[in-house]
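Structure first, commentary second.
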Amino acid sequence: MTEINVNRLYYEDLWNRHTIRKEWQPAAIAAAKTILSGRLLYEKLCQNINPKMPWYVPGILHMMESHCNFKRHLHNGDSLQHRTIQVPAGRPLKGEPPYTWLDSAADALTLHHFQLYQSWRLDQILYRFECFNGLGYRSRHIYSPYLWSGTTFYTKGKYIEDNKFDPELVSDQVGAAVLFQYVTDKTLHLV
């Protein structure tokens, strides 16, 4: 598969200009510590799917989709006791419930072609995070809270559920870009 053709300058510019709001820092640190606690399982998943994929990619997605609950699908946070109900519904296609987290997570990542990507530059990771959640915020001319919640780029507007947008709703979840910064910043000494 050909690498994703993303606007490298777009994501790098946002990354270089974003500022994490001070009031969000405690929540970001707590979420990063939770992600770090699952590192061994995320590394195992990467070895099974794509050894070039950084372990924190599925870790951050796991936080975004289910607060790192290993009893929930990586796809969308539904229970592993059955196939997914929310979008994408009916996953995994193979096997029978209940699913292990590793099997379901492998299905979620391969559904988004993560097994095929050879490059994991900053811009590509941010783009893949945004695609995992959906690009619907772009048509509304707001930065995706999935990425930028907790930064100066995001103030309000959120999908309540698939295809149902509330322009006044404010995300209370730390964005993936913030988590990416906190999980990978060695100066924070979170490990």
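Some points to look at:
- Averaging the sequence gap over all C-alpha pairs within less than 8 Å and six or more residues apart, then dividing by the number of residues, gives the range 8-186 a relative contact order of 25 percent.
- On Cα atoms only, tilt of 122-133 relative to the major axis of the chain in degrees: 70 degrees
- Global form of the range 8-186, assessed from the alpha-carbon gyration tensor, a/c cut-off 1.5: prolate
- For the range 65-128, the relative contact order comes to 24 percent (Cα pairs under 8 Å, sequence separation of at least 6).
- Sorting His73, His189 from the fewest to the most surrounding beta carbons within 10 angstrom yields His189, His73.
- Max mean-square fluctuation residue, GNM over the chain, Cα-Cα springs under 10 Å, options Gly59, Gly90, Gly175: Gly90
- Think of it as helices only: each DSSP H run of n ≥ 4 in the chain is worth -39500 (n - 2.57), and spread over all residues that comes to -12500 deg cm²/dmol at 222 nm.
- Helix 8-17 and the long axis of the chain differ in direction by around 60°, with both axes built from C-alpha atoms.
- Burial ordering of Ile60, Ile142, fewest other beta-carbon atoms within 10 Å first: Ile142, Ile60
- Tyr137, Tyr146 arranged by Cβ crowding within 10 Å, fewest neighbours leading: Tyr137, Tyr146
- Cut-off under 5 Å, modelled amide H: who pairs with Ser79 long-range: His73
- The charge dipole of the chain, taken about its Cα centre with unit charges on the Cβ of Lys, Arg, Asp and Glu (plus for the first two, minus for the last two), comes to roughly 240 debye.
- Among Thr151, Thr34, Thr100: highest mean-square fluctuation, GNM of the chain, C-alpha pairs under 10 Å: Thr100
Coordinate-derived values only; no laboratory data. Nothing here was measured: the structure is a model prediction, and the numbers come from that model. Note that we place each Cβ from the backbone using ideal geometry, even for glycine, and neighbour counts take in every protein chain shown.
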